[in-house]
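One structure is given here, and the rest of the page talks about it.
The values are calculated or read from the model by the stated rules, or taken from the named source; none is laboratory data. Source: prediction; values computed, not measured. Don't worry about glycine lacking a Cβ; one is built from the backbone with ideal geometry, like all the others, and counts go over all protein chains shown. Heads up: the accessible areas ignore ligands, DNA and RNA and are worked out on the full protein's heavy atoms, side chains in. Shrake-Rupley method; radii C 1.70, N 1.55, O 1.52, S 1.80 Å.
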Amino acid sequence: MTTPMIPIARPWMGEAEAEAARRVILSGWVTQGPEVAAFEEELADFVGAPHACAVSSGTTALHLALIGVGVGAGDEVVTVSHSFIATANAVRYCGATPVFVDVDPATFNMNPALIEAAIGPRTKAILCVHQMGMPCDLTAIVPLARRHELAVIEDAACAIGSEIAWDRAWERVGRPRGDVACFSLHPRKLLSTGDGGVLTTRDAALDGRFRRLRQHGMTVSDRSRHLSLEVVAERYETLGYNYRLTDVQAAIGREQLKRLPVAIERRRALAAGYGARLADLPITLPAEPAWGRSNFQSYCVRLPSGSDQRGVMQRMLDAGVATRRGIMCAHREPAYHGGGWRASGSLIESERAQESCLLLPLFHDLTDADQDRVAQSLREACALAAVTL
Ligand SMILES: *Cc1c(COP(=O)(O)O)cnc(C)c1O
């Protein structure tokens, strides 16, 4: 008898989502219509943002955010290499140059102390990431950006439901405190529609720009044409894209939103469960800063330097436990070997984090017994891979 594999992630979906999709499929309106509008309103309400605009992915959300704040060819955007490659790619889609700064090893997020040195005459924006759901230090980043008249875009792909303390009160990521926050609805994130993304902002004009850009630059939406009693002629005033979310996906998203508070609670409990099980190992566990609360989209542990990361992962896989290495560094990938980016200072902490971190399985229906197995296999793998215990 073989023990079943514990995967790294698994979306939490059920009959409610299946029923929502069915309802839309039979309704006669299947893309960017009433369900998208309702989903946007409900998500805006959840994060506390005046505006939310749904799009086809987290990546297309980032692309529109950058265009929206005016990033174009020849501009520079200060960001991190230590992120999913979509973060830096979105800057390159605009013909702009990502300027990478290193991360703070305590949070794996942009180190605010390194930003000033990265700012030059062509810098237009700061694109910071709430990596793995752990909030980045926005209370330092936003005032610094304002001093330099730079836009702040938050890559909140992983951070739906994460919280930041502002003036001693907790608020959810995405209000946003920067100019735009971008969420992903990919199945690796807490709220999924299969694929999808959302941009939130306080700026009505920016929100309007996102709405035109997501639909070929059209001045009127399909829905307002459909509802109009007069003939409406649309115009195409800017170069736009087809970045629409479908109504089928939005209906699934509305059900996922209802689950979200419970999903976040569960993640936090599971993270605490790992904390208790792994406390005696010579590894570094994720620690929330005083001003931030993670939704624990991922649970990332750090092996002691010099450990055989790949060996540990392989031994765990042999024991039926899937893991992932630490967050990638875009600048090390072949797609970045030909240039198109620059580093401001050393990226050593980013590279070290990639080489020494390990993501453990974390999903809603992970059981106590699963967590025991993960902890046991990590303990054995560390011992066998000759980590000094
Ligand atoms: C997932 C992710 C993205 C991309 O989102 P998609 O919806 O997959 O396009 C961007 N940035 C970060 C940090 C992510 O984790």
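Which whole-Hz ³J(HN,Hα) couplings does the range 273-278 yield from phi under the Karplus relation 6.51 cos²θ - 1.76 cosθ + 1.60, θ = phi - 60°, glycine and proline marked x?
Each residue's phi maps through the Karplus curve to give x, 5, x, 5, 6, 10 Hz.
What is the ratio of the Cα radius of gyration of the range 15-256 to 2.2 N^0.38 Å, where N is its residue count, to two decimals?
Rounded to two decimals, the normalised Rg is 1.01.
On the Cα set of the range 227-322, report Rg and Dmax in Å, please.
Just the Cα atoms of the range 227-322 yield Rg and Dmax of 22.9, 71 Å.
When DSSP beta bridges are limited to those with both residues in the chain, what percentage is antiparallel, rounded to the nearest 5?
Of the beta bridges lying entirely in the chain, close to 60 percent run antiparallel.
With springs connecting C-alpha atoms under 10 Å apart, model the chain as a Gaussian network and identify which of CYS329, CYS136, CYS182 has the largest mean-square fluctuation.
Evaluated over the chain, the most mobile residue of the options is CYS329.
Based on the inverse mean of 1/r over its pairs of different Cα atoms, what is the Kirkwood hydrodynamic radius of the range 1-106, in Å?
Roughly 17.5 Å, rounded to one decimal.
Where the only charges are on Cβ atoms (+1 Lys, Arg; -1 Asp, Glu), what is the dipole of the range 260-384 about its Cα centre, to the nearest 20 debye?
260
On average, how much accessible surface per residue is there in the range 260-384, in Å², for a 1.4 Å probe, leaving out ligands, DNA and RNA?
Averaged over the residues of the range 260-384, the accessible area is 44 Å².
Angle check, please: helix 138-147 long axis (alpha carbons) against the longest principal axis of the chain (alpha carbons), in degrees 0 to 90, nearest 10.
50
Once you have all Cα-Cα distances for the range 274-328, histogram them in 10 Å bins from zero and send the whole-percent values.
19, 51, 26, 4
Could you tell me the relative contact order of the range 236-389? Use alpha-carbon pairs under 8 Å, at least six residues apart, and round to a whole percent.
So the answer I get is 29 percent.
Among rounded, prolate and oblate, which fits the range 73-113 when a ≥ b ≥ c are the square roots of the eigenvalues of its C-alpha gyration tensor, a/c under 1.5 means rounded, and a/b larger than b/c means prolate?
Judged from the Cα gyration tensor, the range 73-113 comes out oblate (a/c at least 1.5, b/c at or above a/b).
Can you tell me how the range 152-309 classifies by the Cα gyration tensor, rounded, prolate or oblate, using a/c under 1.5 as the rounded cut? Present the calculation step by step, with values, prior to reporting the outcome.
Details: a/c = 2.57, a/b = 2.36, b/c = 1.09.
Since a/c reaches 1.5 and a/b is larger than b/c, the shape of the range 152-309 is classed as prolate.
So what J values fall out for the range 259-268 if you push phi through Karplus, 6.51 cos²θ - 1.76 cosθ + 1.60 with θ = phi - 60°, rounded to Hz, Gly and Pro as x?
7, 4, x, 5, 4, 5, 3, 5, 4, 5
Any chance you could give the angle, 0 to 90 degrees and rounded to 10, that helix 309-318 forms with the longest Cα principal axis of the chain?
In the chain, helix 309-318 runs at an angle near 90 degrees to the longest axis.
Farthest toward the dipole's positive end in the chain, which of GLY194, LEU281, TRP341, given Cβ charges of +1 (Lys, Arg) and -1 (Asp, Glu) about the Cα centre?
So the residue we want is TRP341.
Given a 10 angstrom Cα cut-off, can you work out which residue in ALA73, ALA52, ALA21 is the most mobile in a GNM of the chain?
Checking each option, the largest mean-square fluctuation is seen for ALA73.
Considering the alpha-carbon set of the range 98-216 alone, what are its Rg and its Dmax in angstrom?
For the range 98-216, the Cα radius of gyration and maximum Cα-Cα distance read 14.5, 42 Å.
For the range 312-364 and the range 60-129, compute the distance between their C-alpha centroids and round to whole Å.
The distance from the Cα centre of the range 312-364 to that of the range 60-129 comes to 19 Å.
For the range 260-384, what is the Kirkwood estimate of the hydrodynamic radius, computed as the reciprocal of the mean inverse distance between distinct Cα atoms, to one decimal in Å?
15.9
Using the Cα centre of the range 15-256 as the reference point, and only Cβ charges (+1 on K/R, -1 on D/E), how large is the resulting charge dipole? Debye, rounded to the nearest 20.
On the way: 23 positive and 30 negative charges, 88 e Å.
For the range 15-256, the charge dipole is close to 420 debye.
Comparing ALA44, ALA16, ALA343, which has the greatest mean-square fluctuation in the GNM of the chain with Cα pairs linked when under 10 Å apart?
Ranking ALA44, ALA16, ALA343 by mean-square fluctuation puts ALA16 first.
Select from ALA181, LEU206, HIS63 the residue farthest towards the positive end of the dipole of the chain; place +1 on Cβ of Lys and Arg, -1 on Cβ of Asp and Glu, and compute about the Cα centre.
HIS63
So with the 1.4 Å probe, I'd like the accessible area per residue for the range 15-256, rounded to whole Å².
39
Give the carbon-plus-sulfur fraction of the accessible surface of the range 169-317 in %, rounded to a whole number; probe 1.4 Å, heavy atoms of protein chains only.
Carbon and sulfur atoms account for 50 percent of the accessible area of the range 169-317.
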